[in-house]
Amino acid sequence: MDTTVTTTTGSWKGGRSPFNVEYGKLMMWYFLMSDAFTFGAFLIAYGTTRFATNGWPNPNEVFDKYPLSDVFGKPMPLVFVSIMTFILIISSVTMVLAVHEGHNMNRKGVAKYLVLTIIGGLAFLSCQAWEWTHLYHEGAWWGSNPFPNADGTLSTTNFTNFFFTITGFHGFHVFSGVIINIIMLTMVLKGTFDRRGHYLMVEKAGLYWHFVDLVWVFVFTCFYLI
Amino acid sequence: MDHTLESLAAEQHVGGGKKEIWKVTIILSVLTLIELAFGFSMMGMQDGLGKHFIKGVIIILMLAKAFYIVGYFMHLRHEVRNLIMTVCVPLFLFVWFITAFLTDGNSFKNDKNRWDRNHLERSKEPMPKQDEGTHKLG
């Protein structure tokens with residue numbers, strides 16, 4: 001047995017990253033894990049309150065509007081929020097493609113897909129702004145719930161409180177994600193990553209952006225579907 | 001060989017490339033469409049076993065979507081096993097977290113209905129009609 005071989009190749013013996021990722025990316029993973037617990041705590045608080053309450057508003061009656069729905073005069077549940085969901089999934093795809101172009105050191109490709117991702121993020125935020133404005137005009141806000149329970153009985157304001165808090169916290173994440181992506185785009189266009197010789201920073205921004213999409217999968221299911 | 005940022009950037013290429021990205025995109029879209037189909041099928045359905053079953057299926061589909069996003073878009077499936085474990089094992093706390101809190105909420109509701117009859121009667125009252133756009137804040 002030649003012990004020097006194990007000294008140089010053992011992943012915990014120094015000289016190399018045992019997780020095969022650089023420090024920043026590992027820390028991004030741990031940050032996202034802690035953020036998952038924050039969102040999890042919010043959603044579990046929502047679920048606990050819902051389980052502890054007699055009756056609950058029916059999401060299909062509350063979220064059945066879309067822009068111009070008054071003109072068409074036909075409320076359609078789930079349609080608008082499905083569009084929001086697809087916008088976020090597609091922007092996640094363009095982000096993976098940006099990271100992929102980064103592997104190939106293709107500066108123009110990264111810039112192109114980052115622009116598409118930023119547009120997707122802004123589109124999602126616009127949809128959310130429209131939905132919040134619309135709900136506000138219907139009389140919903142923190143501490144104010146105009147929607148009765150599914151069986152017509154008196155509802156509590158917990159429904160709107162949780163809705164605005166959790167979608168607001170998610171929307172804030174989308175907003176900061178868009179800002180981070182804009183910073184990445186300016187750095188790409190200035191050629192910072194070409195000088196560094198790698199696009200690892202775009203990958204870290206990508207992780208954050210996918211996490212935002214991941215959280216939306218849970219928020220969408222908990223608030224709109226079930 | 002010692003690690004440098006450049007060598008790490010080069011090593012992290014493992015994965016299915018563009019083909020895998022498009023495959024996962026299609027899987028995510030199809031799963032979302034199935035979720036929406038179940039969501040539409042629940043409309044007008046009475047509360048009961050059937051509705052709970054559909055909600056369970058939707059939650060399983062949600063977890064499948066989470067798996068594809070984290071595994072392929074966030075690249076976790078192609079990372080070193082130790083990294084996967086340090087990220088995923090703590091998340092199992094959620095099993096306790098969800099079970100304990102939802103059970104607690106449910107028993108709170110049952111106890112309150114049983115011991116506070118006034119609360120139970122009040123929750124059966126119809127909601128008074130509120131004018132469009134008015135805010136009863138506070």
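Structure above, values below:
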quantity	calculated
Candidate lysines for bridging to residue B:109, where Cα separation is under 20 Å - those fewer than 8 sequence places away on the same chain excluded	B:124
Accessible area (Å², per residue) of the stretch A:1-154, counting only protein heavy atoms and a probe of 1.4 Å	46
Anisotropy class of the stretch A:22-225 from Cα gyration tensor, a/c 1.5 cut	prolate
Rounded accessible area per residue of chain B, 1.4 Å, Å²	66
Chain B: C-alpha gyration tensor shape, a/c 1.5 cut-off, then a/b vs b/c	prolate
Rounded if a/c under 1.5, otherwise prolate or oblate - the stretch A:24-125, Cα gyration tensor axes	oblate
Apportionment of accessible area to carbon and sulfur, the protein assembly as shown, percent (1.4 Å)	67
Solvent-accessible ranking of B:41, B:7, largest area first, probe 1.4 Å	B:41, B:7
Euclidean distance of C-alpha centroids, the stretch A:158-226 and the stretch B:50-73, integer Å	21
Dipole magnitude of the stretch A:22-225, debye to nearest 20 (Cβ charges: Lys/Arg +1, Asp/Glu -1, about Cα centre)	760
Coarse-grained scattering of the protein assembly as shown at q = 0.07, 0.10, 0.14 Å⁻¹, given as base-10 log I(q)/I(0) from a Debye sum over alpha-carbon atoms	-0.37, -0.71, -1.21
Long-range lysine pairs (8 or more apart or interchain), the stretch A:22-225, Cα under 22 Å	7
Buried accessible area, chains B and A (both chains, 1.4 Å probe, Å² to nearest 100)	6300
Protein-only accessible surface order, largest first, of A:89, A:119 at 1.4 Å	A:119, A:89
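The values are calculated or read from the model by the stated rules, or taken from the named source; none is laboratory data. Note that the coordinates shown come from a computational prediction; the quantities given were computed from them, not determined experimentally. Neighbour counts are summed over all protein chains in view; Cβ atoms, including those assigned to glycine, are modelled from backbone coordinates with ideal geometry. Note: areas computed on protein heavy atoms with side chains; ligands, DNA, RNA excluded. Shrake-Rupley method; radii C 1.70, N 1.55, O 1.52, S 1.80 Å.
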